[in-house]
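For reference, the structure is listed below as structure tokens.
Coordinate-derived values only; no laboratory data. Note that the structure is a prediction, hence the values are computed from the model and not measured. Glycine gets a Cβ as well: all are built from the backbone with ideal geometry, and neighbour counts include every protein chain shown.
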Amino acid sequence: MGCFEEIDVNGDKVAREAAECSALNISSEETVQDTMLEVVWEPDDPQNPLNFSAFRKWVATIITSVGALCVAMSSSIYTATYDDLEEEFGVNEITVITGLTVFVFGMGAGPMFYAPLSEFYGRRIIYLVSFFFYLAFQFPVAFGHNIVSILVNRLLSGLSGSAFMSVAGGTVSDMFSKSQLGMPMMVFTASPFLGPCLGPLLGDFIVHGRSWRWVFYIMIIWTFTMLTLIFFFVPETYSPVLLRWRAQKLRKSTGNQSYYAPIEKDQRSILATVVTSVKRPFQLLFMEVMVFFLCLYTAFILGVMYLFFEAFPLVFKNNHNFKSQYVGLTFLGLLTGILLGVSTEPYWRSQYTKLSLKKGAARPEFRLPQAMVGSLFVPVAMFWFSFTTYKSVHYMVPIVAGLPFGFGIILVFSGVFTYLVDAYRPYSASALAANGFLRSSFAAAFPLFSVQMYNKLGYAWASALLSFIILASAPSPFLFYKYGEYLRSRSKFAWTNSDLKADQGISSAESVDPKSERIERA
């Protein structure tokens, strides 16, 4: 059975045992029917997302990143409606703030389900369905006549729109090779941070002289536009699903039922996959020292960022007499810092390459230097802001403190994200889901106690308390840079150096994990 004939069927190469068949006088058609034929990509296949044109890749990347920006901005633009909601519905401040927290919590919880579903049905259908419901749930918020309806639909909006917080990252990694991934992933990573900064800035101007409902009218228009762009310009990019479609087409067009895609060998049900995918992030979070402390660190930083949505109005309205429509401008320092952080991506990519060449091999720990630098900027920025909130200090001084804070957080998050992806392949989606869930939980909780804390401790010392906590946790990236390799070698989940060496650059969705048995037993 060693003589094979290569036949091209609709662009797919299949092997046929021609010599053996001829000797036994078996018809070619009969043999093909009895032989399982795996459908795979050809090297230059134009339908392979990795072979899309650069223009097509970047169009899809920008649209999905702007979709993530739209959802993230919806979380914070709501803060511009606080005063009007309190007055119209006669509720207290904490009740109104709950509309922010439930949306952010939904953004963290939704990806736990969307990520595994996207591996069954593909990325595109998840975008279309989730964004349709994200659009639908904004109407009851915009036209709501009681606070309960608004809060419930804010939660549902956060859950629906959260697909872009996880699945969009998968779309980017589907289209770009590892050597090309840095810049597009940095663009996507920046979107969830730029959105919260832009929200108060735009929201305060929208509601000035208008009804608070205009905030949500604008978001409805934006969401509808994004849904249209997704429909026309974002193709399916998940290779296993695309190969399944090709196998189905071949079976239908040829009548040969032997064609199959690798994903069709997975016999698990959707329910079993979702249950496993929801369970695994918590396994990683509570059984892995690296995941727990890095997630806790990034969660606290994001919690502080969302706490600023309550702290900035207090400081700049009460101490510097800012009018409501100008409070959003105080986030310009933070916004500028994030953009500056994004611009440094080529430098960190070159540093990763240099370290890999110097040590003779790439290691996940080489992703952490940028997080190490960022971890120094964040506490400096926090102390700067803390002790310049006094009336006697010009308002520009605390605003400029946002620049190193934004610069630091984008370096910390991009370093931690890429480290988790490299260290926990092919379970990187679970590691990132654990990070996202914990981050969103902190971001949802912090605004609820921020006003009381700032009023009781004072503006300076409330911020200083947070600064000391961030400073105490700043060594985390340094410790894992030094001891990460040792911890990975003792981990049930992380890839060791030998695993990384064996990896041939296959994406996590298509690779075979040598530790799959260990993680299932865990």
Extension gain, residue 143 back to residue 36 (0.36 nm per residue minus Cα-Cα distance, nm): 32.9 nm
Amide H contacts under 5 Å for residue 259, placed H, 5+ residues apart: 37
³J(HN,Hα) computed for each position of region 286-291 - Karplus, 6.51 cos²θ - 1.76 cosθ + 1.60, integer Hz, glycine/proline x: 9, 10, 10, 4, 5, 5
Simple Cβ-charge dipole of region 228-355, Lys/Arg +1 and Asp/Glu -1, about Cα centre, in debye nearest 20: 520
Computed [θ] at 222 nm, helices only, for the chain once each DSSP H run of length n ≥ 4 contributes -39500 (n - 2.57): -24000 deg cm²/dmol
For peptides 339-345, 250-256, 407-413, 327-333, sequence by mean Cβ density within 10 Å, most packed first: 407-413, 327-333, 339-345, 250-256
Dipole axis of the chain (+1 Lys, Arg; -1 Asp, Glu on Cβ), positive-most option in 97, 120, 240: 97
Charge dipole (debye, nearest 20) of the chain; +1 at Cβ of Lys and Arg, -1 at Cβ of Asp and Glu: 1380
Per residue, the convex hull volume that the Cα atoms of region 356-424 enclose (Å³): 74
Environment charge at residue 52 (Cβ cut-off 11 Å; Lys +1, Arg +1, Asp -1, Glu -1): 0
Peptides ranked, highest mean first, by Cβ atoms within 10 Å: ranges 188-194, 348-354, 283-289: 188-194, 283-289, 348-354
In degrees, nearest ten, helix 459-473 long axis to first principal axis of the chain (Cα): 30
In degrees, nearest ten, helix 111-121 long axis to first principal axis of the chain (Cα): 30
More than 36 angstrom apart: percent of Cα pairs within the chain: 36
About the Cα centre, charge dipole magnitude for region 308-428 (Lys/Arg +1, Asp/Glu -1 at Cβ), debye: 220
Unit charges at the beta carbon, dipole of the chain: most positive-side option, 284, 398, 446: 398
Helix 163-175 axis, angle to the chain major axis (alpha carbon atoms, nearest 10°): 40
Euclidean distance between Cα centres, region 314-380 to region 155-173, Å: 23
Out-of-range pairs (alpha-carbon distance over 32 Å; input 57/265; 178/252; 57/354): 178/252
Listed residue (477, 433, 383) projecting farthest to the positive dipole end of the chain, Cβ model: 383
Pair residue 269, residue 256: separation of 7 Å Cα→Cβ label points (nm): 3.4
Protection-proxy order for peptides 211-222, 447-458, 122-133, each taking the mean of Cβ atoms within 10 Å per residue, highest first: 122-133, 211-222, 447-458
Rg/Rh ratio calculated on Cα atoms of region 233-309 (Kirkwood radius): 1.24
Spin-label model distance (nm) - residue 233 vs residue 95, 7 Å beyond Cα toward Cβ: 4.3
